[in-house]
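Below: the structure, in structure tokens.
Every read-out reported here was derived from the displayed coordinates using simple, explicitly stated rules and does not represent laboratory data. Not measured: the values here are computed from a predicted model. Backbone-built Cβ (ideal geometry, glycine too); neighbour counts: all protein chains shown.
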Amino acid sequence: MPAGCETVTQIMFFAVRRHRLFCVDGKRPLAEPPLSITPHAASALRRIAAGGRLGRVSAPTRIVPRSALMDRPPSIDDLRRDAREGGLAWRGAFHPAPDDGVPALADGGAVATLVLLGFVGGEQWPAFSASTEYADGIANPLDRWSRRVVAALAARHGAAAFYPSDGPPWLPFQRWAMRAEPVHPSPLGILIHPDHGLWHAYRGALAFRERLDLPAADRRPSPCAACRTRPCEHTCPVAAITRSGFDAAACTAHVAGAAGIDCLQQGCRARRACPVGATQRYGAEQAEFHMRSFVRRG
Ligand code: B12
Ligand code: SF4
Ligand code: SF4
């Protein structure tokens, strides 16, 4: 077992950061540069983990041989591919302006490109639900999984990482999302996308000091503008979706009680009433996972 790591889990949650190998907490380097992880070393680590105390170990994020580690900014295609392989969807990117609320880099430098990553529909659910975090019984599995996967992508591509769960104060992920892709405020408070409807979320952001070349912005209008019947506004059994905002207390009280079993197990009834992106609705397992964690936090 590498010096500095105490458990098998820690070995598996490593990250290559600019040619260094770290434990999951990112604080203790296991080896000094110029060490890099070769496929052979990666397979040795997997073998150690397989014989370790943990019965179940998730596949580590793909390990890149040193020759492939990037000394140049990545292309958008590189980022899309690596995000997909890590279990995340590309959620757009933009060049931040000073009033976008993007924090500075650790050395005070400005972020020139921000790339958003997340979930769309049920597509990324299998990657997360097969992970160690999903099954380990420790709090906040999705946030912990997101941090591991996004941190590995950031390390590989020389970016800093931000997370929607950083806070409070919260980072303005929804505002960033409106800059990065065609999402718009919906009556539910969450953003609506013309393809994914209300069935999407953000899991992290990669912050680059370089100005990456980005595809032309996708600027489609809000589906809510053309929605005449607006079923999301009158489907909630406790009228938690109001013109003045979302009544989180009324919602969680209902969902936590016997009458709220439908919302708890199938997902928010008002959200399900929206016709946009209906094929992207979460499956029962994913819907219940999100509702349970919302009730715990709400
Ligand atoms: C705190 C929080 C909550 C709180 C309070 C939410 C609230 N409505 O006030 C609670 C626990 C209740 C909650 C619940 C839920 N949340 Co929540 N939540 C957050 C969190 C962590 C911070 C939000 C915040 O205060 N940001 C601070 C401000 C400064 O950031 P902002 O980008 O500027 O965001 C605000 C503006 O966009 C503003 N806004 C909205 N419309 C408009 C329009 C204009 C013109 C302008 C200028 C601003 C504006 O509202 C946002 C505040 O919520 C975010 C993650 C994040 N970091 O953003 C998730 C987040 C907003 N939540 C999310 C989700 C999915 C939910 C739930 C559906 C949970 C579930 N079951 O899956 C529920 C339902 C909430 C609802 N119907 O509104 C997603 C939304 C994804 C999306 N499609 O937009 C986020 C982005 C998390 C994620 N990982 O993706 N949430
Ligand atoms: S039901 Fe209509 S108004 Fe409500 S979120 Fe969907 S498109 Fe928008
Ligand atoms: S989860 Fe249920 S109670 Fe909460 S807003 Fe949606 S429909 Fe209303």
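Points worth noting:
- Karplus-based coupling profile of the range 190-198, in residue order and whole Hz: 8, 7, 10, 10, x, 9, 8, x, 9, with θ = phi - 60° in 6.51 cos²θ - 1.76 cosθ + 1.60 and x standing for Gly or Pro.
- By the count of other C-beta atoms within 10 Å, a proxy for reagent exposure, W170, W145 are ordered fewest to most as W170, W145.
- For the range 105-216, the relative contact order comes to 46 percent (Cα pairs under 8 Å, sequence separation of at least 6).
- Shape class for the range 223-297, computed from the alpha carbon gyration tensor (a ≥ b ≥ c): oblate, with a/c not under 1.5 and a/b at or below b/c.
- For the range 138-243, the spread of Cα positions along each principal axis, largest first, Å: 47, 41, 23
- If you bin all the Cα-Cα distances of the range 155-202 at 10 Å, starting from zero, the percentages per bin are 23, 45, 27, 5.
- Summing Lys and Arg as +1 and Asp and Glu as -1 over all other residues whose Cβ lies under 14 Å from the Cβ of C268 gives a net charge of +1.
- Length released on extending from Q265 to D77, taking residue separation times 0.36 nm less the Cα-Cα span: 64.0 nm
- Spacing of the two label points (7 Å from each Cα toward its C-beta) at D136 and R209, in nm: 3.1 nm
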